[in-house]
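Let me begin by presenting the structure, written as structure tokens, before commenting on it.
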Amino acid sequence: MSIGKYELIESDTQLALQWEGLKFAQFLINNIADAAFCIGADSQILYVNDATCSMLGYSREELLSIKLQDIDVHWRNNGLEQWRSLKRSGFLTYKSHYEKKGAWNSPVEVKIKYVEDQGTELACVFVSEKLEERTEVRQQYIESLQVNLQQGVVEYQRTENELATSLCMLRSTLESTANGILAVSFEGEILYYNRKYVDLWQIPRSIGISKKSSALAKAFFLSQVKDSELFLKAIWDLPSNSNYESYDLIELKDGRILAHYSEPQRIDDKVVGRVWSIWDITQSKRTEEALKLNEARFRILAETTDASIFIIQNAHICYVNPAAEVLTGYTQTELLNDFDINQLIKSRKLRQVHKQDGGGGYCEYQEMQIIAKNGMERWLACTVEILDGVLDFAKKPVQLITAIDITDYKQADLELRQALDQAKRLSELRERFVSMLCHQFRTPLNVVSFSADLLKRHIHHWTQEKNRSYLDMIQASVQQISELLDEILLFGRAEAAKLKCDPRPLDLNQFCRDIIAQIQLADGNQKIVNFVSQANCKTVYLDPKLLQHILTNLLSNAMKYSCADSKVDLEISCQSGHVVFQVKDTGIGIPVVDQQQIFEPFYRGSNIDSIPGTGLGLSIVKTLVELHGGQIIVESEVGLGTTFTLKLPSK
């Protein structure tokens with residue numbers, strides 16, 4: 001065996017000597033006063049002597065499992081740099097603190113020797129404690145303990161004071177609560193009860209509530225309750241260490257009812273006792289019974305009345321009576337199971353609001369329009385009332401709707417209104433008619449009267465030609481009156497629905513040319529009428545009498561309300577089984593405000609000035625167009641002209 005440059009001849013004698021030498025070296029190392037140990041290049045502790053174990057308080061096995069930085073504070077902060085310095089110089093000395101097991105840091109002086117053998121890097125560490133510094137550290141530690149102890153005492157006193165304050169506040173709270181409180185320990189000993197508990201049970205002072213007087217207290221409680229068996233089972237004999245909550249109603253002989261609620265008290269999930277809470281529910285039970293009685297009475301009335309009754313809470317129907325089922329067509333099951341009330345009520349109209357006596361609510365009168373299951377709309381006269389505490393619906397306010405069907409009344413009211421409107425319209429028509437007669441008849445009658453008077457006085461003195469001119473004026477006035485009477489008669493027949501449409505085959509182009517020729521002849525050919533016809537319009541099926549009056553009136557109006565040198569257009573075309581007529585002029589036009597009423601009887605435009613007319617022509621035209629099953633529209637602009645468009649079925 002070789003170690004460095006030394007050759008050792010292994011013989012039994014030499015091995016024995018080496019073994020003895022190692023034992024002696026170990027004996028010497030373990031008996032020195034200072035701590036000594038070896039570490040590797042990674043600072044792992046490889047060997048420790050007894051002094052090291054004694055100084056640090058660790059076992060040999062614990063020390064051999066840790067590294068130098070685990071106990072050496074100085075080495076922990078810069079161990080890598082320390083190892084490099086050790087390799088360079090071969091020896092290091094420094095002061096540090098060593099962490100002892102379960103104690104404070106101890107000041108030490110450390111000496112380290114670097115050793116390298118056959119490529120293995122080792123370091124021998126020698127540690128000696130500084131007794132003076134150690135004593136000082138111990139003194140500081142003791143002083144620190146004293147300070148911490150004083151702080152602990154102060155903190156304990158503060159906590160004790162806070163606990164006493166909390167207990168005082170808790171006691172005050174329990175004494176001021178409206179419920180009676182009773183606390184029982186795991187063993188059944190009564191720990192606490194407040195004054196309210198004594199008052200509720202009306203316990204006399206001669207009876208103490210404690211474990212020692214349990215027999216006397218038990219006899220008292222049994223003398224107060226109506227059902228002794230229930231009291232014993234639910235209250236007295238209930239184990240204080242039971243692991244469930246309880247709630248029972250105990251009726252006393254004086255008529256009062258006490259609610260008893262208890263629950264186990266736990267510390268770290270362990271039952272340590274039970275706390276009871278007791279309160280008087282006599283009044284609430286009476287109120288509940290009164291509510292049930294009111295509900296029974298209400299149900300009897302609701303089931304027998306003909307009025308429909310709905311009870312609604314937060315847009316949810318809670319109750320309907322049989323009359324409501326008949327009215328709506330829905331069954332009670334359908335209405336009470338998530339029924340959308342907006343599906344039933346279409347509209348509401350508030351009529352009146354009345355405050356109830358005492359100012360606690362209000363009653364409304366509403367008219368509601370509902371849609372029944374079969375789709376029919378019905379009108380209801382309803383009273384809507386807010387009920388709070390009258391009926392038992394989870395102790396929340398409800399809306400009570402009492403409804404009667406007024407659909408027939410509404411229909412009669414509508415018919416009456418329509419009749420009144422018709423009467424008003426007839427009255428207005430009568431007024432317009434009288435006004436028109438006075439105006440339209442006065443002028444030609446004045447002409448006839450004046451001309452006849454002149455002829456009567458001068459017929460023998462005037463020439464035949466002059467006499468004929470006055471006779472022509474009389475004839476024209478009579479013709480004007482005759483046409484006016486014809487229009488009135490035609491309007492009367494149309495209003496009385498005595499006109500009938502009798503379609504016949506008609507050569508439309510020739511028919512229109514004939515009407516234009518007649519109108520131009522009556523006008524003295526003063527205005528030109530342009531006729532435009534598409535090739536596809538030849539023979540159609542229309543009523544010639546009605547169509548003649550329609551076209552004659554529209555063309556006459558176009559010529560009457562146009563300038564002398566202007567022209568009028570008549571255009572016809574056929575499209576999709578209909579004949580379309582357009583009468584256009586470039587006359588005075590119709591103001592926008594008049595266009596909505598221009599087809600009403602006796603209505604005339606606001607810009608006609610002194611142009612004569614009855615106001616019946618366009619009303620008659622519209623009636624005749626509707627008899628054909630057609631429609632007429634007007635487009636006009638003041639100063640630019642007017643276009644009337646007719647669309648009549650051709651078959």
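The values are calculated or read from the model by the stated rules, or taken from the named source; none is laboratory data. Computed from a predicted structure; not experimentally measured. All Cβ positions, even for glycine, are placed from backbone atoms using ideal geometry, and neighbour counts span all protein chains on display. When the accessible area is computed, the model is the full protein with side chains, heavy atoms only, and any ligands, DNA or RNA have been set aside. Shrake-Rupley method; radii C 1.70, N 1.55, O 1.52, S 1.80 Å.
Given a 1.4 angstrom probe, what's the average accessible area per residue across segment 275-317, in square angstrom?
Ligands and nucleic acids excluded, the figure is 60 Å² per residue.
Checking the table LYS500/LYS567; LYS23/LYS100; LYS349/LYS410; LYS226/LYS285; LYS196/LYS292 against a 25 Å threshold on Cα-Cα, which pairs fail?
Pairs exceeding 25 Å: LYS500/LYS567; LYS23/LYS100; LYS196/LYS292.
Compare the peptides 618-625, 258-265 by average per-residue count of other Cβ atoms within 10 angstrom and give them in order, highest first.
So the order, starting with the most tightly packed, is 618-625, 258-265.
By its C-alpha gyration tensor, with a ≥ b ≥ c as the square roots of the eigenvalues, how is segment 283-330 shaped: rounded for a/c under 1.5, else prolate for a/b larger than b/c, else oblate?
oblate
Short version: ³J(HN,Hα) in whole Hz for each residue of segment 462-475, in order, from phi by Karplus 6.51 cos²θ - 1.76 cosθ + 1.60 (θ = phi - 60°), x for Gly and Pro, what are they?
Each residue of segment 462-475 in turn: 7, 6, 4, 5, 5, 4, 5, 5, 6, 5, 5, 5, 5, 5 Hz.
For the pair GLU116/LEU170, report the inter-label distance in nm, with labels modelled 7 Å from Cα in the Cβ direction.
7.3
Starting from the Cα of LYS456, step 7 Å along the direction of its Cβ; do the same at LEU416; then give the gap between the two resulting points in nm.
So the two model labels end up 5.6 nm from each other.
Rank by packing, highest mean first: peptides 186-194, 108-116, with packing defined as the count of other Cβ atoms within 10 Å averaged across residues.
Per-residue Cβ counts within 10 Å, averaged per peptide and sorted highest first, yield 108-116, 186-194.
Estimate the FRET efficiency between LYS466 and ILE528 by the formula 1/(1 + (r/R0)^6), using the beta-carbon distance for r and 30 Å for R0, to the nearest 0.05.
0.35
At 7 Å along the Cα-to-beta-carbon direction for both ALA315 and LEU191, put a label point, then send me their distance in nm to one decimal.
Output for this residue pair reads 5.0 nm.
Quick one: which residues, 5 or more positions from GLN265 or on another chain, have an amide H under 5 Å from its amide H? H modelled 1.01 Å from N in the peptide plane, none for Pro or chain starts.
Counting only residues 5 or more places away or on other chains, the set is VAL272, GLY273, ARG274, VAL275.
Among residues other than GLY79 whose Cβ falls under 9 Å from its Cβ, what is the net charge (Lys/Arg +1, Asp/Glu -1)?
0
So, by mean Cβ neighbours within 10 angstrom, what's the order for 307-316, 197-206 with the highest one leading?
307-316, 197-206
Leaving out ligands, DNA and RNA, and with a 1.4 Å probe, what % of the accessible surface on segment 517-651 is carbon or sulfur? Provide the component values of the computation, followed by the final result.
Values: 3370 of 6560 Å².
It is 51 percent, rounded to a whole number.
Step through the table entries LYS560/LYS651; LYS545/LYS651; LYS560/LYS622, compare each Cα-Cα distance with 21 Å, and write down the pairs that go over it.
Too far apart for the 21 Å limit: LYS560/LYS651.
For segment 540-606 and segment 34-89, compute the distance between their C-alpha centroids and round to whole Å.
The distance from the Cα centre of segment 540-606 to that of segment 34-89 comes to 123 Å.
Could you point to the residue in MET559, SER576, THR586 farthest towards the positive end of segment 531-615's charge dipole, with +1 and -1 charges on the Cβ of Lys/Arg and Asp/Glu respectively?
SER576
Grab the Cα-Cα distance for PHE27 and ASN342, subtract it from 0.36 nm times how many residues apart they are, and report the gain in nm with one decimal.
Value of the extension gain: 103.0 nm.
From the residues ASN243, PRO204, GLY188, which one has its Cα farthest along the dipole of segment 179-261 in the positive direction, the dipole being from +1 and -1 charges on Cβ of Lys/Arg and Asp/Glu about the Cα centre?
PRO204
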